[in-house]
1. Summing +1 for each Lys or Arg and -1 for each Asp or Glu, what net charge is found among the other residues whose Cβ lies under 14 Å from the Cβ of F184?
2. As a check on your grasp of the helix formula, calculate [θ] at 222 nm for the chain: sum -39500 (n - 2.57) over DSSP H runs of n ≥ 4, divide by the residue count, round to the nearest 500.
3. Once the dipole of the stretch 24-121 is set up with Lys and Arg at +1 and Asp and Glu at -1 on Cβ about the Cα centre, which of H111, I121, L39 lies farthest towards its positive end?
4. Of the beta bridges DSSP finds with both residues in the chain, what % are antiparallel, to the nearest 5?
5. Quick one: net charge of Q41's neighbours, Cβ under 12 Å, K/R +1, D/E -1?
6. Over the chain, with a Gaussian network built from C-alpha contacts below 10 Å, which listed residue (V217, V32, V43) shows the highest mean-square fluctuation?
7. Rounded to the nearest 20 Debye, what is the dipole magnitude of the chain about its Cα centre when Lys and Arg each give +1 and Asp and Glu each give -1 at the C-beta?
8. Could you give the size of the charge dipole of the stretch 1-149 about its Cα centre, using +1 on the Cβ of each K and R and -1 on the Cβ of each D and E, expressed in debye and rounded to the nearest 20?
Amino acid sequence: MTIKTVGVLGAGTMGSGIAQVFARNGFTVHLVDNQPSHLQQAVTKIQKGLDKCIERGMIDEARKDNALSIIHTSPQMDVFKSCDLVVEAVTEEEPTKIALFQSIDRICPDHTILASNTSAISLTRMAASTKRPDRFMGMHFMNPVPIMELVELIRGLQTSDETFNALFEISKQLNKTPVTVKDFPGFVSNRILMPMINEAIYTLYEGVATTEDIDAVMTLGMNHPMGPLRLADMIGLDTCLFIMNVLHDGFKDSKYRPCPLLQQMVDAGYLGKKSGKGFYDY
């Protein structure tokens with residue numbers, strides 16, 4: 001299964017990072033978003049990201065120029081008809097993702113693999129909504145995509161060995177480390193990370209320590225690169241709440257109950273860095 005042309009749906013932080021990584025490694029990329037302003041911002045972000053890669057010695061100017069020349073932006077999904085792989089990176093709302101995948105399914109040729117960058121939603125359910133469930137699986141990149149080495153490869157119940165092997169090899173071509181994960185709520189990364197963040201929020205909620213001191217314990221005492229509350233702000237508190245609800249609903253276990261403070265902050269619009277206020281002010 002040869003993959004040369006890749007579609008990326010969604011030009012936000014994750015989508016632009018995914019597009020950059022594919023183009024940096026020689027794949028022609030069609031980046032699609034229905035908001036032209038998002039596409040303009042993504043191109044600027046990709047240019048800056050490639051400059052940082054040059055500074056780190058990861059690529060040279062020629063490779064940057066080539067990457068920019070093979071990224072094509074469009075507000076229309078029709079361009080996906082030329083793609084061998086389409087990676088979805090839109091909002092974490094299952095009905096939205098399913099509707100978009102059904103549209104992509106109608107546009108793409110039979111050989112095209114469909115992949116979702118979802119951080120928690122069932123790949124098996126999404127695959128079942130298409131006519132190519134055997135050519136559907138999860139490809140969960142970590143943020144920031146150009147820097148982080150890991151990609152979780154999540155097989156739905158229907159995913160074929162051929163599809164899995166193709167994305168496993170593609171991941172290595174992107175200089176990522178692919179890790180195989182079964183289709184359980186939160187997969188591995190968020191099943192472990194989000195309860196830790198949620199417990200940190202409970203620790204703040206119960207008055208055990210301040211925001212800064214909780215983060216200091218985890219950075220200075222546990223050698224984490226970033227404290228859990230600052231990390232929650234970076235991820236987005238709405239995303240953290242969504243994933244905790246997926247874990248709580250999926251496992252029916254009270255240990256995954258979202259902290260009431262997390263719910264209150266999302267209700268107040270305090271979503272973290274993207275809204276200017278979360279556990280910290282930005």
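Bear in mind these aren't lab numbers, they're just calculated from the coordinates by the rules spelled out. Keep in mind the model is a prediction, meaning the values are calculated, not measured. We place every Cβ from the backbone using ideal geometry, glycine too, and count neighbours over all the protein chains shown.
1. On the way: positive: R125, R155, K182, R191, K252; negative: E152, D183, D249, D253.
The answer is +1.
2. Working: 11 runs with 128 residues, N = 282.
Computed mean residue ellipticity for the chain: -14000 deg cm²/dmol.
3. L39
4. Details: 7 of 33 bridges.
Within the chain, antiparallel bridges account for around 20 percent of the total.
5. Working: positive: K45, K48; negative: D33.
Once positives and negatives cancel, what remains is +1.
6. For the chain, modelled as a Gaussian network with Cα springs under 10 Å, the answer is V217.
7. Values: 27 positive and 32 negative charges, 89 e Å.
In debye, rounded to 20, the chain gives about 420.
8. On the way: 15 positive and 16 negative charges, 24 e Å.
In debye, rounded to 20, the stretch 1-149 gives about 120.
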